[in-house]
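In what follows, a structure is listed as structure tokens, so that the remarks can point back to it.
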């Protein structure tokens, strides 16, 4: 479940006001740690953090997605488990509204395509 806490009014191409900003993300399901899943009222969940960067990285992404860390993990300096990437889509200043190119995405994906999705 993702929540955006800060909402700003922006205008779309049609000059209509909309709330918030859109970030599209792509998650590699093979990298999700199933031990971090938990059952909630309406399904099974996994807490994730989305980091939105000021600059686009060399693969064309503006955001990264990682498992949420506990306070103990952060204090112990446990490395983050990155599970995906994202890009700014709507409502961002100077946004081209373009996703990364196929070459950029291919370069960012691990080449272990033989792994099966665990669920």
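FYI, it's all coordinate maths here, none of it is from the lab. This one's a predicted model, so the numbers in the text were calculated from it and none came from an experiment. When we count neighbours, we look across all protein chains shown, and the Cβ atoms used for this are built from the backbone with ideal geometry, even at glycine.
Figures for the structure shown
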item	result
From the C-alpha gyration tensor of the stretch 30-93, square roots of 5λ in Å	24, 16, 11
In nm, spacing of pseudo-spin labels at residue 90 and residue 70 (7 Å Cα→C-beta vector)	3.9 nm
